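Peer 1: Mind looking over this structure? Questions follow.
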């Protein structure tokens, strides 16, 4: 009895690959992978008629085509798209190492010092206001002491005049009573 083949499909690199194999283990061996692509859902059985026809025509051979293309599945490098060969650049004397080394990024530009002129002017203005306030309050204190002295002198003078007026009133009252006034 012949072994029944199934067609398995997965994506390896840039290629959709198919293989006609009797089991998942045989498909993994043909793809030369150790990871269980079937358990992770990255591989499975395909029912695509084109893929099945191509794989059954070459059992056990890995067929591939570029991902996203509709071309036929082929074996080996035949599935690679044809790219014209490009000329190789000529090495220059400056190219001493095969690796390209990018220069280090330039250091960030230094931050400009902030302009302190407005701050200095505001501080000078505040100091001037404080000086003016101190001078005005000192002048008021001098005036207050002078007013306190004038008030004390005035009170002393008024007290003396009041005492004199009280004595004169008392004398006038006594003379009036002496004269027969009631």
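The values are calculated or read from the model by the stated rules, or taken from the named source; none is laboratory data. For clarity, every value in this text was computed on a predicted model and none was experimentally measured. Note: ideal-geometry Cβ built from the backbone for every residue, glycine included; neighbour counts use all protein chains shown.
Peer 1: Can you give me the number of residues within the range 15-40 that are loosely packed, with under 12 Cβ neighbours inside 10 Å and at negative phi?
Peer 2: 5
Peer 1: Looking at residue 43 and the list (1) in contact with a helix residue (DSSP H, G or I) (Cβ under 9 Å, 6 or more places away or on another chain); (2) at negative phi; (3) at pLDDT below 90, which single condition is not satisfied?
Peer 2: Condition (3) is where residue 43 drops out.
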